[in-house]
Amino acid sequence: MNLFEYQAKEAFRECGITTPRGVLVRSVEELDAAFAETGFPCVLKSQVLRGGRGKAGLIRVAGDAETGKKEAGELFASGHNVRMLLVEQAVDIAREIYLSMTVDPVSGTALLMGCAEGGVDIESLAATQPEKIVRVHVDMAEGLGGYHVNNLIYGMGLSGEEAKQVGAAARGLYKVFRARDAQLAEINPLFITKDGQAVAGDGKLIIDDNSLSRQPRYPLSRDYFDSDVEFEAAQEGIPYLRFEGDIALMCAGSGLTTTVFDLIHDAGGSVATYVDFGGANYTRAVRAMELCLETPSKVILVVTFGTIARADVMAEGVVEAIKKLHPKVPVVLRIRGTNEAEAFETLKQAGLANLYDTEEAVRKAVDLAAGRA
């Protein structure tokens, strides 16, 4: 689960990391109370689950209430699904630093990273000058030690009070990382103010979905999703993604789905939506197709290869879904796997063609979407 900035900063403060004074608002009408708390100048930060907010114009600075209300109105109406703003006091910045904690999948250790040149261009720096990013591996059974922090701050070239401040922030970030079962805890930028304090200017916190039962403070809510249908799917445990293309995809498993995505784009097509029709959801064809139909598309493409998820059960479900939902767009089927002979017969009896080859099914779906078939 990817948390909002305001939630990440709440976690930071609980673990001793300083953040700017801020107030969360959900409407322009709430701004006067927020401005009274933060003062001016202040920063209006759109609470959306995406990166690059500054470059996208989703963060604004206001020097007075009139300007702040105008900027807030524009942000709420921006079309970026902005439903909340974090209003924060502006910080007198001397420099910006990057600090993060994540998991190294190769070693199985926590990975503490820091860079003396933080800010919006950290991705470009990581690509062009990766040696500037200091990496320190931490065995989570052992915990974060003083030598880990020293290796980080001295590797970044910090000294004196600045090193002390950044070291304290690194310790706090490790506490957040462990307490929240995080996959990523990131501060970018970590401001060093002109009076020498380390302040978390931004915050990113991603919690491992498998640990959400241990994190009851983060219940699933509509705020995390761009549309009602995405929220509905998440509540029912059905992986769902929405795009801007023509082909609605019901596919079983992330590996097969990635391959089918590539094949669709290679054939000149585009995906409108993806609904997982595999794993624990392979018996839920009717609901999966309902979700597909929630998004406009020109064709539904069903691609599965069932092992534990049996092909014959999937075929029976697709027949039921088509009979019940009467989709107005064509449905292209490629259902294979365990008991596939029975699956082919079930579909044949229902008057549905089941293709044997994935590439052929993709080409047919792309041609139908383009009006060539």
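The values are calculated or read from the model by the stated rules, or taken from the named source; none is laboratory data. As the structure is a prediction and not an experimental result, all values here were calculated from the model. Every residue, glycine as well, gets a Cβ built from its backbone with ideal geometry; the counts of neighbours run over all protein chains shown. Areas reflect the complete protein model, heavy atoms only, side chains present, ligands, DNA and RNA absent. Shrake-Rupley method; radii C 1.70, N 1.55, O 1.52, S 1.80 Å.
Numbers below:
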{"read-out": "Two-decimal Rg/Rh across the stretch 228-370, once Rg and the Kirkwood Rh are taken from alpha-carbon atoms", "value": "0.92"}
{"read-out": "Extended-chain gain in nm, criterion 0.36 nm per residue less alpha-carbon gap, D262 and E14", "value": "84.9 nm"}
{"read-out": "Trypsin sites (Lys or Arg not before Pro) lying in DSSP loop within the stretch 287-340, provided at most 15 other Cβ fall within 10 Å", "value": "K328"}
{"read-out": "Kirkwood Rh and Cα Rg combined as Rg/Rh, the stretch 141-264", "value": "1.12"}
{"read-out": "Rough spin-label spacing in nm, given labels placed 7 Å along Cα→Cβ, for V286 and D92", "value": "6.6 nm"}
{"read-out": "Equivalent-ellipsoid semi-axes of the stretch 24-172, from the Cα gyration tensor, Å, largest first", "value": "35, 17, 15"}
{"read-out": "Rounded FRET efficiency, nearest 0.05, which uses the C-beta distance separating D104 from A179 and R0 of 22 Å", "value": "0.65"}
{"read-out": "Probe 1.4 Å, protein heavy atoms only - accessible area per residue of the chain in square angstrom", "value": "47 Å²"}
{"read-out": "Label point distance in nm, Y218-A36, each placed 7 Å from Cα along Cα→Cβ", "value": "3.3 nm"}
{"read-out": "Sparse-neighbour loop sites [trypsin sites (Lys or Arg not before Pro); the stretch 1-77; at most 15 other C-beta within 10 Å; DSSP]", "value": "R21, R26, R50, K55"}
{"read-out": "At R0 = 51 Å, FRET efficiency that the Cβ-Cβ distance of T338 and N2 yields, to 0.05", "value": "0.90"}
{"read-out": "Under 19 Å from K323, Cα to Cα: lysines that are on another chain or at least 8 residues apart", "value": "K298, K348"}
{"read-out": "Rounded to whole Hz, the Karplus (6.51, -1.76, 1.60) HN-Hα couplings of the stretch 153-163, x for glycine and proline", "value": "5, 6, x, 7, x, 8, 8, x, 4, 4, 5"}
{"read-out": "Reduced Cα scattering model of the chain, Debye log10 I(q)/I(0), q = 0.12 Å⁻¹", "value": "-0.98"}
{"read-out": "Coordinate range along principal axes, alpha carbons of the stretch 261-314, Å, largest first", "value": "32, 24, 15"}
{"read-out": "Loop sites in the stretch 199-304: GluC sites (Glu not before Pro), DSSP, at most 10 other Cβ within 10 Å", "value": "E244"}
{"read-out": "√(5λ) per eigenvalue of the Cα gyration tensor, the stretch 21-89, largest first, Å", "value": "18, 12, 11"}
{"read-out": "Rounded percent of accessible protein surface that carbon and sulfur make up, the stretch 140-269, 1.4 Å probe", "value": "47 percent"}
{"read-out": "Evaluated over the stretch 93-214, the Cα radius of gyration and Dmax, each in Å", "value": "13.9, 42"}
{"read-out": "Full-stretch length increase - D228, K324 - with 0.36 nm per residue and alpha-carbon distance subtracted", "value": "32.3 nm"}
{"read-out": "Added length on full extension, which subtracts the Cα-Cα distance from 0.36 nm per residue, L241 to A56", "value": "64.4 nm"}
